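Worksheet for the structure shown next.
The values are calculated or read from the model by the stated rules, or taken from the named source; none is laboratory data. Only a predicted model underlies this, so the values are computations on that prediction, with no experimental measurement involved. Here the Cβ is made from the backbone with ideal geometry for all residues, glycine too, and neighbour counts use every protein chain on show. Just so you know, the surface numbers come from the protein's heavy atoms only, side chains and all, with ligands and any DNA or RNA stripped out. Shrake-Rupley method; radii C 1.70, N 1.55, O 1.52, S 1.80 Å.
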Amino acid sequence: MEVKILSAKFDIKDAHKIKVAKKHGAYSTLDKVFSMKPEDVIEVVKNSGLRGRGGAGFPAGVKWGFLPKDTGKPVYLAVNSDESEPATFKDRYILVKDPHMMIEGIIICSYAIGSHETYIYIRGEYTTQVKALQAAIDEAYKAGYLGEKVDGHDFKLNVTVHRGAGAYVCGEETALLESIEGRKGQPRSKPPFPAVAGLYGCPTIINNVQSIASLPFIIENGADAYKAYGTEKSSGTHLFGISGHVEKPGMYELPLGLPLLEVIDKVAGGVWKGRKLKGVIPGGSSTPVLLPEEAKTVTLDYESMAEHKTMFGSGGIVVLDETVDMVALVKNLIDFYHHESCGQCTPCREGLGWMLKIVKKILRGEGSMDDVNLLRELCDNIEMKTVCVLSAACTMPVRSYLDKFRHEFEAYVTKDDSSAVEAK
Amino acid sequence: MSDRSQLISTGTPFQFDKDRDAEFERLVKRYPTRESMILPALWLIQEQEGWISQEAMAYAADRIGTFATKLYEAATFYTMYHLHPMGKNHICVCRTLSCWLRGKQEIVDYLKDEIGIQPGQISENGMFSLEEVECLGHCGTAPVVQVNGEFHEDMDVDKLKSLLATLK
Amino acid sequence: MADKIKLFVNGVEVEVESGKNLIDAIGAVGIEIPHLCYHPALGADGNCRMCLVGIEDGRPPLVPACKTPAQEGMKVLLDAEHIKKIQHDVLEFELINHPTDCPVCDQAGECKLQDYYMSYDQVESRMTVPQVTKGKKMDFGGGVIHDQERCVLCGRCVRFCREITNTGELGIINRTDAARVNFFPGRPLSNRYGLNVVDLCPVGAMTSSDFRFKQRVWFMKKAPGICHGCSKGCNITIDHNREKYKDDIIYRFRPLYNEQVNGYFMCDEGRLSYKAENEGRLVEASIAKQVRPIDEVLAACEKEIGRAEKITVALSPNCSLEQMVTVKALAEKLGASLSGYSEGCLKKGDGDDYLIQDDKSANRAGLNILGIDCSKNGFETAVAEASLLINFNNDLSLSYQEKELKKLFKDTKIIAFATHDNECTKMADIAVPVASYSEYTGSIINCDNILQHFRKAIKKNDDLTDICEMGVRLGSPLQRDEQRFSELQQFISALKEFEPDKIPAEGLNLNDSEAANVNA
């Protein structure tokens, strides 16, 4: 089931070094790219159906097409390497094992959108990864792939690495821009959209590391080669992260569209320790949980996930076994989102804190049915009333746990042992 | 988060050392505004001193040419910036979702018993400080612990024992 | 004049100005959209979420009104059930961690949370878990006290210090619900407009230490007025109250919006100058420093005037135009020279590029437009020749040292009409108290040639007579308001279009018509 498109060089020794990378094809698409017109590059990417791999799944080529022409302002590219969504651990492999693939992708994207300045926003915790990334960038400059004349072509490109410092919210595209500009990572209201007024008020494209790293393959082999993988509306491959209660957790590159349970069993070895499956988080902590019956019919693509009222997200699959106390899990999730809330707008700032206190109260055995109902109601009151979707990233999954595992919450308040789960 | 308003004053003015000074000047050319240097400057201070004092923040504000409150805002917003001296070895244990599912509490409990500190505390001999952090992006090898910036994956109590031995 | 466009609010068509956001556009036709963080002087921030409105057939269907420009044909939903629920929910989030400080909070009675609670909530609290606690009674410098728990984190104070005064003392630190306003240690509020954050704060998080616990706002009457602290003439609201058995006193000045004069703000010195209206006043008339009944003193004045060989008259640059023109007529009748010399009011270099002016007098332009000599030479010559000076509130101790004054007036008697007891009144042979600017109606012209009219705001138990009436008592031929206004119209042609009471509230810009008349 696994494929090696993005991860083609991951197992090759020293593939992060430019000499080895080049031997295996790094930067080989550049001549082709620079012989094409920028609009044609955008067209190829559009046709490939590449969707944003950060979690939102917006078609990359379409996003590039939103850039206004002839504004007189510089166009910026920001590469989102914040990777802070719990259960997501894919981009760092690219940064460490095949950074030149990403740099090549940056060159392709920059040429297509007419940008000469790229900022890679990398989360502060990625200490070893930022060193590897900077080393690769330095190699690329030395070899002439970055700088005044990219690979000898009349195209200038500078890449700067900007370190974050511990804020999940900076994965949100406008918060990321705020952080580069030196401010707190507080998302901006949209409109205006970054494509029109982004970094320093200029047209900006923000793409996830993996989306950018997918570009060399698409240019080299064409849109159809990319569409040969995945489904009609969800083309290509993805670096899926499988974690939680499985035998073989890890990062696996798979084409989109495979059945979820099959992947869990065949690729990740199934639920660990011979236990039973209780639930699956399909695409990162912000996605609503799936019950085992639902997991049976869902496939790993955007459409199937939407039909099952959840999301493809970042492809971070978390497997939950029968011992998981769902109320404690909800507390763990709300704790995360509350801690990461930027504090800018009222419903998220005050509301998530309130939700956390209520779920803690329930866990302590001091809660009432009113508290459970309130927790459920707050999910609706907070969602979509805020500047950004961090609040929804909390309320959507929490709502799903409350709806699908309501009995566990009620057991805490009625102190009825029959439904309660012995917490691990 | 807990309140990070309390800044510590060293009583002496701060200055970049030669290397950080050169790095500051190199980086400032990469951005169209000097304010973009706020996060990089805070990192440079932390690299140099291990933590960021009130004087260092004021220095950065003057060097960049911006209000001290903007540095204050950034330093308190981003939790990786240490606003007081930490232990010689800073241990970060991931506490979110996958690490929680795969036993991060055992690690935290073990550290409490072995070193005698809870998350947020510094050991009496100053050798260790402990912090529970949010998802570190190593969920496939959970539970994960980051010590002095280095990742240690697939941790369990035994591996932790050996790791601590190398640090003492 | 901006273009008008038609849009719908709750299904009803209204005509609003184009180019404005929905809060301002719809607010101008009398429909309120609740909001906390938006302020017309500071722009929209979009963080409070109180102004969320529905747009029928809109994409997106829910927008913050502060960031949405009014467009032709827009269908705004305010009274719809789902919008009312959102307003209620957002207010609930604002209130869950808000301390129930109302009984001890100065903002009570003019607090947005209280007002919105009454309009959009009125439901009991569902908060059964401990509230977030933060700092209280924090001294932020500049006379501002901050309460972090009351704060709704609208960010207005931060934006004010960054964008209006460009001093940046305030910031919002931490994130999530630990977020709070603070200043960098050792760098508290230290700009000359800091107290404006007290007005800007929609709740009681920013309070003035000067006003703290002094008076409840619902007891105070609000009267419009003009600050006389400098020649800017910022419009103010005079908050005053006459407690039972006591006299009417002023508790505070607050800036009043005037687009062409001061915008939304005023400086701290001007704001606190209300104290000078209350304190240090000359209240009793005296002859040779002996307190005497006013009629006796005025009779003495008339006697002195009658027997003086040569009289000179001094005018204060703080007098109103009406007072100036009355006194000018009196001086002419008495054959007296007239001077407005008041160099001491000019504090060179003290003004800034915003509101504060070097000239600390309110109506010097009035002296100029009436052609009254203000030269030092002119004044000293006139005093040397005169045996009697009638001084209408010109505090000469600002322009001269005590020794100089004694020398200047060694052969001249002084009748001083004054609002305040100062060196001048102490030196006078006859001292008479007069009403100060909050106690009379008049007009002044500011440093930008804008003529502004203000009304008597304070009525004391024993009202003092104002300078116009004093002038008439001493013989000025301009005995009635209409006569004074006619006289002014001779000097200020723009006034010919108006009747005395109909001068527009925003002031009359004289620049187009009167530029030739005024030589500052």
Revision key, fill the gap. Interface call, region B:71-88: threshold 50 Å², probe 1.4 Å, accessible heavy-atom surface of protein chains, chain by itself vs complex, result B:TYR72, B:GLU73, B:PHE77, B:TYR78, B:MET80
Point to revise | Sparse-neighbourhood loop sites, GluC sites (Glu not before Pro) in region B:98-168 - DSSP loop, at most 11 other Cβ within 10 angstrom | key: B:GLU124
Exercise for review: State the extension gain, in nm to one decimal, for the chain segment bounded by C:THR128 and C:TRP218, taking 0.36 nm per residue of separation less the distance between their alpha-carbons.
Suggested key: 29.2 nm
Review point. By how many nm would the segment from C:GLU72 to C:ALA108 lengthen if fully extended, with 0.36 nm per residue of separation less the alpha-carbon distance?
Key: 9.1 nm
Check your understanding: Residue-wise, which Karplus ³J(HN,Hα) couplings in Hz belong to region B:157-167, taking 6.51 cos²θ - 1.76 cosθ + 1.60, θ = phi - 60°, and x for glycine or proline?
Key -> 4, 5, 4, 5, 4, 4, 4, 4, 4, 6, 8
Exercise for review: Compute the long axis of helix A:346-363 from its Cα atoms, compare it with the longest principal axis of the Cα atoms of chain A, and write down the angle in degrees, 0 to 90, nearest 10.
Suggested key: 40
Review point. What does the highest-first list of A:82-93, C:17-28, C:276-287 look like by mean Cβ count within 10 Å?
Key: A:82-93, C:17-28, C:276-287
Exercise for review: Go through A:LYS9/A:LYS149; A:LYS22/B:LYS104; A:LYS90/A:LYS278; A:LYS13/A:LYS278 and tell me which ones have a Cα-Cα distance over 32 Å in this structure.
Suggested key: A:LYS22/B:LYS104; A:LYS13/A:LYS278
Point to revise | Per-residue HN-Hα couplings for region A:147-159 [Karplus 6.51, -1.76, 1.60; θ = phi - 60°; Hz; x = Gly/Pro] | key: x, 5, 9, 5, 6, x, 7, 7, 8, 9, 8, 10, 10
Study note, to complete from the structure: Hits in region C:42-72: amide N under 16 Å from the 7 Å Cα→Cβ extension of C:VAL29, namely C:54-56, C:69-72
Exercise for review: Taking amide H positions as placed in the peptide plane 1.01 Å from N, state which residues far from B:MET127 in sequence (5 or more) or on other chains have amide H under 5 Å from it.
Suggested key: B:LYS88
**Study point:** Probe 1.4 Å, all protein chains present, accessible-area order of C:LYS347, A:LYS131, largest first
**Key:** A:LYS131, C:LYS347
Study note, to complete from the structure: Note on chain C: contact order normalised by length, alpha-carbon pairs under 8 Å, 6 or more apart, percent, works out to 11
Exercise for review: Could you tell me the distance between the Cα centroids of region B:98-138 and region C:332-356, to the nearest Å?
Suggested key: 72
Point to revise | Under Karplus coefficients 6.51, -1.76 and 1.60, residue-wise ³J(HN,Hα) of region C:322-330 in Hz, glycine/proline x | key: 5, 5, 4, 6, 5, 5, 4, 5, 4
Exercise for review: Using only Cα atoms, tell me the angle between helix B:104-114 and the longest principal axis of chain B; keep it within 0 to 90° and round to the nearest 10.
Suggested key: 90
Review point. With a 1.4 Å probe, how much accessible area is buried between chains A and B, both sides summed, in Å² to the nearest hundred?
Key: 3900
Review point. Looking at region B:1-53, which trypsin sites (Lys or Arg not before Pro) are in a loop (DSSP not H, G, I, E or B) and have at most 10 other Cβ atoms within 10 Å?
Key: B:LYS29
**Study point:** In region C:62-139, the GluC sites (Glu not before Pro) that fall in loop regions by DSSP, at most 14 other Cβ within 10 Å
**Key:** C:GLU72, C:GLU124
**Study point:** Distance between region A:157-177 and region A:348-399 - C-alpha centres, whole angstrom
**Key:** 28
**Study point:** For B:LYS159, solvent-accessible area (1.4 Å; no DNA, RNA or ligand), Å²
**Key:** 90
**Study point:** A:LYS360/B:LYS29 FRET efficiency (R0 60 Å; Cβ-Cβ; nearest 0.05)
**Key:** 0.80
Exercise for review: Please name which of B:LEU167, B:LEU27, B:PHE16 has its Cα lying farthest along the dipole of chain B towards the positive end, using unit charges on Cβ (Lys, Arg +1; Asp, Glu -1) and the Cα centre as origin.
Suggested key: B:LEU27
Review point. Roughly how many whole Å is it from the C-alpha centroid of region B:142-166 to that of region C:264-297?
Key: 77
Point to revise | Cα-Cα over 26 Å, subset of C:LYS136/C:LYS246; A:LYS360/A:LYS404; A:LYS361/C:LYS137 | key: C:LYS136/C:LYS246; A:LYS361/C:LYS137
**Study point:** Virtual spin-label span in nm between C:ASP352 and C:ILE294, 7 Å along Cα→Cβ
**Key:** 4.0
Practice item. Take chain A, drop everything but the C-alpha atoms, weight them equally and run the Debye formula without solvent; then report log10 I(q)/I(0) at 0.06, 0.14 Å⁻¹ to two decimals. Key: -0.25, -1.27
Check your understanding: Measuring with a 1.4 Å probe in the full set of protein chains, what accessible area per residue, in whole Å², belongs to region B:41-131?
Key -> 34
Check your understanding: Once you put a point 7 Å from the Cα of C:ARG307 and another 7 Å from the Cα of C:LEU62, both along the Cβ direction, what distance in nm separates them?
Key -> 8.6
Point to revise | Dipole-positive endmost among A:MET251, C:LEU510, C:SER208 within the protein assembly as shown (Cβ charges, Cα centre) | key: A:MET251
Revision key, fill the gap. Each label sits 7 Å from Cα toward the beta-carbon; between C:LYS496 and A:HIS407 the label points are separated, in nm, by 9.4
Study note, to complete from the structure: Rounded to the nearest 0.05, FRET efficiency between C:ASP421 and A:LYS69 (Cβ-Cβ, R0 60 Å) equals 0.25
Study note, to complete from the structure: Taking 0.36 nm per residue of separation between A:LYS276 and A:ALA56 and subtracting their Cα-Cα distance, the length gained on full extension comes to 76.1 nm
Check your understanding: What FRET efficiency, computed as 1/(1 + (r/R0)^6) with R0 = 60 Å and r the Cβ-Cβ distance, is obtained for A:ALA306 and C:ALA276, rounded to the nearest 0.05?
Key -> 0.30
